[in-house]
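Asks: This is the structure I have questions about; it appears just below.
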Amino acid sequence: MHSSILSSAAALTAALSTVSLAAQTSFTVSTPPTCPGPNSIAAGDLDGDGDTDLASTHPSLNQLCVNRNLGGGAAWANGTLFSYPAGSFPNESVIAQLDGSGRRDLAVVLNGTAQVSIHLASGAWPGFAAPQIVPVGAGAFEAVAFDYDADGAMDLAVVCQSPAAIHVLRNNGAGVFANVGSFPLSIAPHTIAAGDLNADGLADLVTTGSFGTAFVDVLVNTTAGFAPSFAPEQLFGVDYRPFGVCIGDLDQDGYNDVATANAAFSTVDVLLNDPAAIVGTTINLTATNYPLPTGAIAGPATEIDCADLDCDGDADLAVSCNSASQVAFFWNNGGGTGTFSGPALTPVPGNPGDLVIADLDGSGQLDIATNNFVGNSHGVLLNNWNSGCCEHRFIGGIGDGFGTTSPTGPEDSCPAPDLLAWFGTAPRREFDDRPGCRRPLLHTFRGIPGRVKSARLTMRLRADCRSSIDDTISLGFDSANGQMVWTRDISSLTGSPWTAGSFGGFSLDLGALPGGASLLSKIANEGRLDIVIRDDTAVDAMILELETCARSPGGMSLGVSPLVMGSSVTWSASGAPNTPPGGIAFLVGPAVGPGPVIPGGQLCIQAPDILAVVPTSLAGTGSFSLTLPPFPLPPCISLSAQAIGWDGTASVWEHSNTVTQNLFD
């Protein structure tokens, strides 16, 4: 049984992939107070209450202050968290999970003493362990968290100015850091960012700065083992005084691009990465210049960040305009063009400098926070996008506890033909094989729709052989050429020794894999994801969850009435193909996964309690009702539902969002 077909309509996939939308949103601005003289800002849940807090450095006071989010991004409590010795001059902070505890930790760059102070969360708020002080170069300016050696622990890169260099601080996995290398720069650096630019699964570094003229300086990561190494610098010209930089896939081709905010002439440069020019560690970035209002930004106090702010699946740009007291937005025109419209200007009182994008009110939509030099405040810009933001979810996979059959038949691992050809005639395993050694498992998720907003791959595994200790998992798309984009030892993901008889599992965010790689754009563009497990490990469950943008055309909508014991519950779908009239299948059960084949392809359900097929109305709607039993059920039952619609020729398919409800007794 082919267990991972998410959609059988090539036409739908193409339509979702090629649609071009230039959207925008607006923001509601507030300015909560902070400590005097804010210099930089970082966002993360520091107190563990589920809300995103803000941390800011205050060099003149030798302090780091925190604005705790009291809920909804509208109420904040500010106060000093750390005070440093006189002359420490805290310039920037980084919020990241550094010791594997699940709590957010802090790293603070101390410019005055050429050090980084590491603060690991410990105990109830505001508890932190004694700071760990790590020496770096003079003129320590900015830092970024990245996993340079792909061991799953976040390391730090610190850009220093005297002399110009990047210092790499290795994390031993428990939040203990050591300066393991410095890498000279040929420019006077301003800022730093990290991201995979040559699609090899390793996080690269980008700095901006000047040496006569202005440049983006790229250091491609070549690390093998624990000692950091980088290819020689690659310089790409930009407008003068590029004080802000961000990395993101700006043209939806699966490869990260770069954008800078340039103070000399108030401009933004978008540098698109050319995949065809990537040869090993060599890349090519081509810049396009976008003007801001004259004098909108000046001096080093500006920042740029990349993210999808208007929920259309494309990364937009936000720029702090310190001289104009504004934040400028450039809206991505979509369609894979990597072009932008704007700027759209939002007033932010107080001369905003540093800027960060995060969900501040828990809405699922991205907001903005700035530090403001006038009035000792932050700017909080809450996103007013009030429609569903990428609410369509598709789930496909396999999962039967190593059984020999699913509810509807045997389960094949379903590799794509080119993936299978790559391995030739070598023995391979299926999902339901007997235990065996030296046989890889190959699987392809196909028919993935475009404009993927998020994706998560969850697995439960069993080590079959003594030689399982060195088994790996690889993800990719170009198996015809023997290339996989991302590979890790399974034992590094399960967190347990991987020997014969071991059971384990992991859940991978495919937009932020260990090492910093994102596969989202590539998944959407290719419409597939290849998975290779080498080569003594069996799969119990393999589930791929996808979130695609609600604003993409063709998505059905599923609504469900409340679950009440003894009463009727109705599932209603709209937006199904209706020319000519077709059908809608309502899938209701404990989960959504592989399921039975119907004309035109396979539906995505796992062990359904209910499968109901109803005709599509001329309006593209359909509904299904069921009376729940009156007798008590276990204390809590989770019930998931999804609808799949097709036209009368079974050539056009659409999926609904997945709705999960909890029924409490």
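The values are calculated or read from the model by the stated rules, or taken from the named source; none is laboratory data. As the structure is a computational prediction, the values presented were derived from the model and not from experiment. Methodologically, a virtual Cβ is constructed for each residue, glycine included, from the backbone with ideal geometry; neighbour enumeration extends over all protein chains shown. Just so you know, the surface numbers come from the protein's heavy atoms only, side chains and all, with ligands and any DNA or RNA stripped out. Shrake-Rupley method; radii C 1.70, N 1.55, O 1.52, S 1.80 Å.
Asks: Accessible area of D647, 1.4 Å probe, to the nearest 10 Å²?
Replies: 10 Å²
Asks: Right, next: Can you tally the net charge around L285? Count Lys and Arg as +1, Asp and Glu as -1, for every other residue whose Cβ sits under 10 Å from the Cβ of L285. Working shown, then result.
Replies: Numbers: positive: none; negative: D257, D269, D274.
Net charge in that neighbourhood comes out at -3.
Asks: How charged is the neighbourhood of L46? Take every other residue with its Cβ under 10 Å from the Cβ of L46, and add Lys/Arg as +1 and Asp/Glu as -1. Intermediate values should be presented prior to the final figure.
Replies: Details: positive: R68, R103, R104; negative: D45, D47, D49, D51, D53, D105.
So the surrounding residues net to -3.
Asks: Note down the nm distance, to one decimal, between modelled labels 7 Å out along Cα→Cβ at S83 and at S229.
Replies: With each label point 7 Å from Cα toward Cβ, the separation is 4.8 nm.
Asks: Counting only protein heavy atoms and a 1.4 Å probe, tell me what percentage of the stretch 63-149's accessible area is made up of carbon and sulfur.
Replies: On the way: 1650 of 3100 Å².
Percent of accessible area from carbon and sulfur atoms in the stretch 63-149: 53.
Asks: Shifting gears a bit: Can you sort M556, M154 by 1.4 Å-probe accessible area, starting with the largest? All intermediate terms of the calculation are to be shown ahead of the outcome.
Replies: Working: M556 0, M154 60 Å².
Descending order: M154, M556.
Asks: Another one. Give me a comma-separated list of calculated 3J(HN,Hα) values for the stretch 85-97, in order, Karplus coefficients 6.51, -1.76, 1.60 applied at θ = phi - 60°, integers in Hz, x for any Gly or Pro.
Replies: Calculated HN-Hα couplings, in order: x, 3, x, 5, 6, x, 9, 8, 10, 10, 9, 7, 7 Hz.
Asks: Would you mind checking which residues have amide H under 5 Å from T222's amide H? H placed 1.01 Å from N; only 5 or more apart, or other chain.
Replies: Close amide H contacts, sequence-distant or interchain: S229, F230, A231.
Asks: On the accessible surface of the stretch 206-303, probed at 1.4 Å, how many percent belong to carbon and sulfur atoms? If you can, show how the numbers build up before the last one.
Replies: Working: 2130 of 3500 Å².
Roughly 61 percent of what the probe reaches on the stretch 206-303 is carbon or sulfur.
Asks: By accessible area of protein heavy atoms, probe 1.4 Å, what ranking do C437, C160 get, highest first? Could the numbers behind the result be given before it?
Replies: Numbers: C437 70, C160 0 Å².
My answer, sorted largest first, is C437, C160.
Asks: Would you mind checking which residues have amide H under 5 Å from A188's amide H? H placed 1.01 Å from N; only 5 or more apart, or other chain.
Replies: S210, F211
Asks: Right, here's the next one. With a 1.4 Å probe and all protein chains kept in place, how much accessible area does C35 have, in Å² rounded to the nearest 10?
Replies: 10 Å²
Asks: Could you order S266, S363 by accessible surface area, starting with the largest, using a probe radius of 1.4 Å?
Replies: S363, S266
Asks: I'm checking a number: the convex hull volume of the Cα atoms of the stretch 300-373, normalised per residue, in Å³. What is it?
Replies: Working: hull volume 6.1 nm³, N = 74.
Cα convex hull per residue, to the nearest whole number: 82 Å³.
Asks: Once each part is reduced to its C-alpha centroid, what is the distance from the stretch 38-52 to the stretch 299-341 in angstrom?
Replies: Cα centroid to Cα centroid, the span is 22 Å.
Asks: A further question follows. Which part of the stretch 345-380 falls in the paramagnetic zone of S26, meaning amide N under 16 Å from the point 7 Å along Cα-to-beta-carbon?
Replies: Counting backbone N atoms under 16 Å from the label point, the list is 345-348.
Asks: While we're looking at this one, here's another question. Give me the accessible area of R439, 1.4 Å probe, in Å² rounded to the nearest 10.
Replies: 40 Å²
Asks: Among 53-61, 41-49, how do they line up from the highest to the lowest mean number of other beta-carbon atoms within 10 Å?
Replies: 53-61, 41-49
Asks: Compute the FRET efficiency between I133 and A426 as 1/(1 + (r/R0)^6), taking r as their Cβ-Cβ distance and R0 = 35 Å, and round to the nearest 0.05. Numbers along the way, then the final one.
Replies: Numbers: r = 53 Å, r/R0 = 1.51.
Once rounded, the FRET efficiency stands at 0.10.
Asks: Now a separate question. Roughly speaking, what is the centre-to-centre gap between the stretch 87-143 and the stretch 210-244 when only Cα atoms are used, to the nearest Å?
Replies: The distance from the Cα centre of the stretch 87-143 to that of the stretch 210-244 comes to 24 Å.
Asks: Another question, then. So what is the accessible area of the stretch 125-174 per residue, in Å², with the probe set to 1.4 Å?
Replies: Details: 1640 Å² over 50 residues.
Per residue, the stretch 125-174 has 33 Å² of solvent-accessible surface.
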